[in-house]
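What follows is a set of notes on a single structure, which appears directly below.
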Amino acid sequence: MNNSKNILVTGGAGYIGSHTVVDLIQNGFNPIIVDDFRNAQKSSVAGIEEIIGKSIEVREVDVCDRVALKKVFEEFSFSGIIHFAAYKAVGESVESPLSYYRNNIVGLINVLELSIEFNVSNFVFSSSCTVYGEPTDSKVVTENTPIQPANSPYGNTKRIGEEIIEDVIASGVNMKILCLRYFNPVGAHASSLIGELPIGKPNNLLPVVTQCAIGKIPSITVNGNDYDTIDGTCVRDYIHVLDLANAHVKGVEWLAQQENPIVENVNIGTGKGTSVLEVIETFEEISGLKLNWKFGERRAGDVVEIFADVTKSFNLLNWKSNLSARDAIIDSWNWELKLKND
Ligand code: UD1
């Protein structure tokens, strides 16, 4: 195998990671997954292998275990790294901040240190639109929109992660880093062989919707109906996980073309906002089902309305989303139906 195609994908068995691994392989890369399966299931590796029709390398390692992680760097020679492995539940991070700081910050430091030690210069970091907080001037945020204080320890780990990366580049190391600021990832692979597998009670809207429809949870509470938005509910930029996965492939290709150390922050969204009620209505129309939903209180810390200015992702990476929120809702529902049949 050509080493220049080896890409380390931490958290590669997870939701976004698994879809990215498939797209990397389909574009001629050789991803090596590092995952400790605390928030992912082995079945996602089987799903990846079924889609691509061959086996993939997986090392069951916690990125916080530096000694074990170093062995993976000794075993393979990487041309790039995509670092997904991290916790991502806002509410849980408020209850358990130290586990978030340990996992998300220590993991990032370990991966960066080993990248430097082993001369792996191309690096993609999973960041989030959470760094913008509640945007003040416009609901459409560019990468120059001011960063706000984080509204949760989870959000703070992304903000601190970006700052650590800025400092590492400023120190003069030979690295090129892309911080991709994801908006709201939704959907599943069209084959329904991989998708989101929330462990325990889901928090994010789409898994709540599909799990309610299938009967796993009794009802949906829409968090607030008196916001200053199109219908009173919060508005988000829902990005199909397949488009998001492809942004990583485009990112790795762009990094390989850069000759000098650089860091760039890039929004990864569709540029379109969809309200919570619009998601529910679209789901009902697609599935032909009536969902058991009711309005509840506002959720603490919720951003009212945010969507991406997507100019930079197109100009820099030649990437744009192709799929809509509707496409993603269809694929999420097919995935939930497949899980039930299995
Ligand atoms: C949050 C984070 C985001 C992170 C994502 C990953 C913030 C502000 N946002 O996104 O950075 O990448 O989690 O998990 O930190 N909703 C309901 N009922 C439900 C569930 C959700 O009404 O049962 C509403 C929420 O109140 C929100 C919208 O649906 O208005 C989307 O919520 P969710 O899917 O949890 O994503 P975010 O909070 O936008």
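For the reader, a short list of remarks on this structure follows.
- Considering residues of segment 16-46 that are more than 21 Å from Ile268 (Cα to Cα) and of a type in the set (S, T, N, Q) only, the residue surrounded by the most Cβ atoms within 10 Å (Cβ to Cβ): Ser44
- In segment 1-107, counting only helices (runs of 4 or more DSSP H) that sit wholly within it, the ones holding 1 or more residues that are of a type in the set (Lys, Arg) span 42-52, 66-75.
- Scanning segment 292-342 for residues that are within 11 Å of the ligand (Cβ to nearest atom) and in a loop (DSSP other than H, G, I, E, B) yields Glu297, Arg298, Arg299, Ala300, Gly301, Asp302, Val303, Val304, Ile306.
- Failed condition for Val94, given (1) modelled with pLDDT of 95 or more; (2) farther than 22 Å from Val235 by Cα; (3) open to solvent by 50 Å² or more (accessible area, probe 1.4 Å); (4) within 16 Å of the ligand (Cβ to nearest atom): (1)
- Identity of the residue in segment 69-91, crowded, with 23+ Cβ neighbours inside 10 Å and small (Gly, Ala, Ser), that ends up farthest from Ile109 (Cα to Cα): Gly80
- Scanning segment 214-224 for residues that are over 24 Å from the mean Cα position of the chain (by Cα) and crowded, with 17+ Cβ neighbours inside 10 Å yields one hit, Gly224.
- Qualifying positions in segment 170-188 - open to solvent by 30 Å² or more (accessible area, probe 1.4 Å), in a loop (DSSP other than H, G, I, E, B) and under 22 Å from Asp243 (Cα atoms): none
- Summed over segment 278-290, the residues that are open to solvent by 20 Å² or more (accessible area, probe 1.4 Å) and either of a type in the set (Val, Ile, Thr) or in contact (Cβ under 8 Å) with a residue 12 or more places away in the chain (or both) give a count of 5.
- Hey, Glu49 farther than 16 Å from Val241 by Cβ, without any contact (Cβ under 8 Å) to a residue 24 or more places away in the chain and open to solvent by 30 Å² or more (accessible area, probe 1.4 Å) or not: yes
- Residue within segment 315-332 that is open to solvent by 60 Å² or more (accessible area, probe 1.4 Å), of a type in the set (A, V, I, L, M, F, W, C) and either free of Cβ contacts under 8 Å to residues at least 12 places away in the same chain or closer than 13 Å to Asp243 by Cα (or both) present: no
- Residue count, segment 176-191 (criterion: out of contact with any strand residue (DSSP E or B) (no Cβ under 6 Å at 6 or more places or on another chain) and more than 16 Å from the ligand (Cβ to nearest atom)): 3
- The listed residue being farther than 20 Å from Pro198 by Cβ and either of a type outside the set (Phe, Trp, Tyr) or within 16 Å of the ligand (Cβ to nearest atom) (or both), out of Phe125, Phe76: Phe125
- Looking only at residues in segment 154-169 that are open to solvent by 40 Å² or more (accessible area, probe 1.4 Å) and away from the ligand (no atom under 16 Å from the Cβ), the one that is nearest to Ser332 (Cα to Cα) is Glu163.
- Selection count, segment 192-208, where residues are surrounded by 16 or more Cβ atoms within 10 Å (Cβ to Cβ) and near the ligand (Cβ under 9 Å from one of its atoms): 6
- Filtering Asn104, Asn151 for residues that are within 13 Å of the ligand (Cβ to nearest atom), surrounded by fewer than 21 Cβ atoms within 10 Å (Cβ to Cβ) and under 28 Å from Val304 (Cβ atoms) leaves a single hit, Asn151.
- Of all residues in segment 209-236, those being touching a residue at least 60 places away in the same chain (Cβ under 8 Å), near the ligand (Cβ under 9 Å from one of its atoms) and assigned to a loop (DSSP other than H, G, I, E, B) number 3.
The values are calculated or read from the model by the stated rules, or taken from the named source; none is laboratory data. In this text the structure is predicted, and so the values were computed from the model without any measurement. Counting neighbours? That spans all protein chains shown, and the Cβs are built from the backbone with ideal geometry, glycine included. Heads up: the accessible areas ignore ligands, DNA and RNA and are worked out on the full protein's heavy atoms, side chains in. Shrake-Rupley method; radii C 1.70, N 1.55, O 1.52, S 1.80 Å.
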